[in-house]
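Written out below as structure tokens is the structure these notes cover.
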Amino acid sequence: MDRLPSSITLASRKTILLITATLITFTLIFTFSASIRESSIQILEEQQLLGDNTKVDCIADTATIHKNKIEKLTWESCLASESERETYLSIVIVSRMDDYAGNQHHRLQNFIDSAYLLAEHSQTYMELLIVEWNPPTDRRRVIDSFRYRHSDYLTYRVITVPKEIHDILPNVGNSPLHEFEGKNIGIRFARGEFVVCTNQDDIWSHNFLNAVKSRVFKKNVIYLQRQDQHNIHDPLPPSIVRLPPFADDDTLFNACKLGDQEWGNYKLPEPLKLTTGNILKVADQAGDFTMAHRETWKVPRGYREMGGVAWMDIEFICTAAWTFDIPVVYDEKGFACHQDHQNIWEFNTEQHTDNKDIDMGEIMRKEKVYMNEEGKWALQNMDIWEHKLECQEFQGGLCW
């Protein structure tokens, strides 16, 4: 009878020791995991706040990233037009969070996802460069409003032109957004061999995917496409699409086919002779797609900067083709589709740039030249660091 309590006592002690050891083990594991997570977040914050030149995969707090102070070296690295890897294509748009034409966020998310699908399906290194112009103070920023999926082939950059810079520039029509000045900034800092200037309402066609895969584009050429008028709503023509909010990948990818494909063997038409008789057809809706080698863009010095938002896309093509004799390739099949939405801009005439008195015949006959002054476009004549131009570069994805 004396030995039984001793056995029970010994077993109880072993049980207690086992439970204690287990609790200590779980505590150490939890502490170690938390430490790893804290260290990861700390490293990420150091990259963003302390000037580490390493490009981050994702941004832990997109709501405050634009408020973080970064070192000038990091800022310059973000704006550098050269990168460690060869980038084939830069996709440039200008935007701000003002809900343009209603449901802007749906259409812009579809656009961002379309760029992701273009990179993934073509397996081509490219960047999506969003120039955020004069962001409203009572809205979330572009970087904090959308999903940017990670792709090994796609880099995202957001260059923000603050109100301080916007207020310095000429502002014909008192427009809150300068589309063509913004696109010039994208052209200036683009890393892609080719730069396509487009709009936030567009998605890419199978034709463009095939053309990228086929590597058909050449230097010293301006590339344009045919696209139907945006004010055609019902029935929709082929290059105007009506997508649901946040369309899934299959819906989005197949919404803009615009023809059958012989994959890897896309054929471009020969350059055409541009005249005053066909310029309005060839350059119609050119704001949705104008593409050239990045050095070719700089020959006519980008879009002429007049303030406001209108007509400079056609004038740029006239200057490139007639002043500098750059060939124009016009593809009838179409490289992009426009997402249908209500028309707002065309009726807001007080914000339109007034260059309607330009005689295109004088440009064609080389009697007059319209272009930006050398070194005085795309903010080249401004201290953009002192005036707080912002830049964020990331690979997309979520931080967990």
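Things to note:
- Amide H contacts under 5 Å for residue 228, placed H, 5+ residues apart: 239
- Pairs of alpha carbons in the range 115-245 whose separation is greater than 23 Å (percent): 46
All of the numbers you see were taken from the coordinates with simple rules; none came from a lab. Note that the structure is predicted; figures quoted are calculated from it, not measured.
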